[in-house]
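The values are calculated or read from the model by the stated rules, or taken from the named source; none is laboratory data. Nothing here was measured: the structure is a model prediction, and the numbers come from that model. In this analysis, Cβ positions are derived from the backbone assuming ideal geometry, glycine residues included, and neighbour counts consider all displayed protein chains. Just the protein is used for accessible areas: all its heavy atoms, side chains included, with ligands, DNA and RNA removed. Shrake-Rupley method; radii C 1.70, N 1.55, O 1.52, S 1.80 Å.
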Amino acid sequence: MTTLTGIGVSPGVVLGEVFTISHQVIDHEVPATPREVIAALTAVATDLERRAQAADLDVAKDVLQAQSMIAQDPALEEALASRLPDDIKYPDVRAAIHDAFSGFRNALESLGGYFAERVHDLDEIANRTIAVLSGEVAEAIVLDRPSIIVAEDLTPADTAALDLRYAMALVVTKGGPTSHTAIVARGLGIPAVVGCTAADSLNDGDKVMVDGRMGIVEINPSEADYLHHKTREDALRARAAAVTGPGRLSDSTPINLLANAGSVADSVTAANAGAEGIGLFRTELLFLSRETEPTVEEQVALYSDVFTAQAGNKVVVRTLDAGSDKPVPFLNTVVEENPALGVRGWRLTRNGTGVMKRQLEALAIAAQKTNTDLWVMAPMIDTVAEAADFAAQAREVGIRHVGVMIETPAAAILADKVLAEVDFGSLGTNDLTQYVMAADRLDARLSDLTDSWHPAVLRAISFAANSATALARPLGVCGEAAADPYLAAVLVGLGVTSLSMAPVALSEVRGFLASVDRATCIEVSQLAIGASSAEEAKAIVRARLDELTK
Ligand code: PEP
Ligand code: MG
């Protein structure tokens, strides 16, 4: 048995046979005139539009339509004309075609996340155009039996062409958590592992097991091993369905289970999912397309709607975390060399515009109007002075619970002093991981490094949690790490008192925590911080928790 690892992006355990899909790349010269290139591009656009109409799955339809629009964009034709200016037969047009997409490519890459992953869609349009010109368009792939699909990356055209009723699981060597593959798998409710580089060694007909929660692909698994994974997955789901009410460990230690939200609709979803409140409201998401600052009145109205949906629950709001992966036009006006390390979050107060002060006022008014248990925290706090400055400004407008995100190594290391200035802390493990590991959280190529299971990250959390405990300050986690039931147990063992996550993850985390006691959480947290790698930490903690929760 051989185990391949990647990032689990859609849970579930299946055992089946591999069906590989490879993408056509024309590896010889393709001569053409500019007119022929445009005609080929038009043919590709028409074909994409036709596939969009025929696609069963909404995400495939949307992406295919978007691809078709890009293929018809006049800017693309202009870009081609500037690269192939003469009305002659060029000996090889492949580079010119790929190059013509560079404007779109740069625009998408600079947006990061979901948009950056759409760059693969552009490559697909370029490759198809080249295939049409060379007259070598590949035969349609026919999937006619239940299979585990293995590819470099599953493109929208693949998803439209395949009969996905037969897809048992998706495994791709590239891609990240926001890739098309991940979105499609979650939409279909089938397991998926992305960024599984070694999966390129798999062949049609190979027998594999996919565990989409653990990010594991096993070649020729034993029956016992398959059953082990399957039983674990089934148990997680069964516990999720069986346990309701506020978050508790098996020994009744309360662990507040809260939801992350970024809109009024999210606040409603969180309430319906049984969240005990909101643990992170990302206010910048309300203003991502705003060219001008919303007035205090406008903000009061928006925040009031969010609070009303929570009907008296605790709501932790984060002041505008604009910049880097979340640029807000009216705040981030300067182009930065390195925006993740630039003037983002609370650092924007350096500009002296008073935006945060007005936001704090609006929050205080909305909380009073709706009688909400409002907690407010500032993002990207690095220093004791920043924490003190935020606390003073928030308290001045009457906000009673003031806190900071602990998401920089500086704040974690100095948490004894930073948390002394405020009433609570919240670990932003997404950023804390990227900064501790010095690895861009948006770069799928570095996903092995941007793993919050890494003992370096867990030790930083442990450091901050020890300070929080000594100061008797509540310390939550609001990054993605909180949504992994096994990692949640480790975080609790390190001293975290609340967990905030996407509403869909709540029931599984609630169910799992109800099966472990505090002593167990502490035991596994020590195993994790004593490990040498993220893989080792995951393996030993999972094995121990599986044994104890059998
Ligand atoms: C984090 O960094 O972990 C966090 C919760 O904030 P965001 O993902 O919005 O940066
Ligand atoms: Mg953050």
Do you know which residues across region 22-36 are in contact (Cβ under 8 Å) with a residue 60 or more places away in the chain and either among the charged types (D, E, K, R) or out of contact with any Ser or Thr (no Cβ under 6 Å at 6 or more places or on another chain) (or both)?
SER22, HIS23, GLN24, VAL25, HIS28, GLU29, PRO31, ALA32, GLU36
Run VAL316 past the list (1) surrounded by fewer than 18 Cβ atoms within 10 Å (Cβ to Cβ); (2) among the aliphatic types (A, V, I, L, M); (3) more than 20 Å from the chain's Cα centre (by Cα) and report the number of the one that doesn't hold.
(1)
Mind listing whichever residues of region 257-295 are loosely packed, with under 15 Cβ neighbours inside 10 Å and more than 16 Å from ligand 2 (Cβ to nearest atom)?
ALA265, ASN272, SER289, ARG290, GLU291, THR292, THR295
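If only one of MET214, MET209 is modelled with pLDDT under 95, open to solvent by less than 60 Å² (accessible area, probe 1.4 Å), within 30 Å of ILE148 (Cβ to Cβ) and outside the structural domain of GLY428 (by TED's automatic domain parsing), which one is it?
MET214
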What residue, among those in region 490-525 that are of a type in the set (Asp, Glu) and in a helix (DSSP H, G or I), is nearest to ligand 1 (Cβ to nearest atom)?
GLU508
Residue check: is ASP305 outside any strand (DSSP E or B), out of contact with any strand residue (DSSP E or B) (no Cβ under 6 Å at 6 or more places or on another chain) and crowded, with 17+ Cβ neighbours inside 10 Å?
no
Within region 441-451, residues open to solvent by less than 50 Å² (accessible area, probe 1.4 Å), farther than 22 Å from GLN526 by Cβ, outside any helix (DSSP H, G or I) and of a type outside the set (Ser, Thr, Tyr) come out as ASP443
If we keep just the residues of region 469-489 that are among the hydrophobic types (A, V, I, L, M, F, W, C) and buried (at least 24 other Cβ atoms within 10 Å of the Cβ), which is nearest to ligand 1 (Cβ to nearest atom)?
CYS478
Take residues that are within 29 Å of ILE522 (Cα to Cα) and tell me which of the strands (runs of 3 or more DSSP E) falling wholly in region 215-284 contain 2 or more.
256-261, 277-282
Quick check on this structure: which one of LEU487, LEU432 is away from ligand 2 (no atom under 16 Å from the Cβ), in a helix (DSSP H, G or I) and not acidic (Asp, Glu)?
LEU487
Would you mention how many residues in region 451-507 are under 17 Å from the mean Cα position of the chain (by Cα) and either among the charged types (D, E, K, R) or not assigned by TED's automatic domain parsing to the domain that holds ILE255 (or both)?
3
For region 452-468, which positions are open to solvent by 30 Å² or more (accessible area, probe 1.4 Å) and among the aliphatic types (A, V, I, L, M)?
ALA456
I need the full set of residues from region 51-60 which are in contact (Cβ under 8 Å) with a residue 60 or more places away in the chain and not β-branched (Val, Ile, Thr), in order please.
ARG51, ALA52, ALA54, ALA55, ASP56, LEU57, ASP58, ALA60
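If you take the residues in region 319-372 that are touching a Ser or Thr at 6+ places or on another chain (Cβ under 6 Å) and within 14 Å of ligand 2 (Cβ to nearest atom), which one is most open to solvent (accessible area, probe 1.4 Å)?
Residues of region 319-372 that are touching a Ser or Thr at 6+ places or on another chain (Cβ under 6 Å), as a first pass: 320, 330, 339-340, 344, 356, 359, 366, 369-370.
Narrowing further to those that are within 14 Å of ligand 2 (Cβ to nearest atom): 320, 339-340, 344.
Numbers: LEU320: 4, PRO339: 50, ALA340: 23, ARG344: 0 Å².
If we take residues in region 319-372 being touching a Ser or Thr at 6+ places or on another chain (Cβ under 6 Å) and within 14 Å of ligand 2 (Cβ to nearest atom), then PRO339 is most open to solvent (accessible area, probe 1.4 Å).
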Residue that is modelled with the lowest pLDDT, among those in region 452-484 that are outside any helix (DSSP H, G or I) and within 16 Å of ligand 2 (Cβ to nearest atom):
GLY479
Among the residues listed as VAL422, VAL436, VAL418, the single one being surrounded by 22 or more Cβ atoms within 10 Å (Cβ to Cβ), within 21 Å of the chain's Cα centre (by Cα) and not small (Gly, Ala, Ser):
VAL436
Just for region 375-402: of the residues that are under 14 Å from GLY345 (Cβ atoms) and small (Gly, Ala, Ser), which one is nearest to ligand 2 (Cβ to nearest atom)?
ALA378
When region 125-150 is examined, which residues are found to be part of a helix (DSSP H, G or I) and open to solvent by less than 10 Å² (accessible area, probe 1.4 Å)?
ILE125, ALA126, THR129, ILE130, ALA131
When you look at LEU446, is it without any contact (Cβ under 8 Å) to a residue 12 or more places away in the chain and more than 13 Å from ligand 1 (Cβ to nearest atom), yes or no?
yes
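Residue-by-condition table, conditions (1) of a type in the set (Gly, Ala, Ser); (2) outside the structural domain of ALA161 (by TED's automatic domain parsing); (3) without any contact (Cβ under 8 Å) to a residue 40 or more places away in the chain:
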position	(1), (2), (3)
GLY16	yes, no, no
ILE38	no, yes, no
ALA43	yes, yes, no
GLU49	no, yes, yes
SER68	yes, yes, yes
ASP73	no, yes, yes
GLU77	no, yes, yes
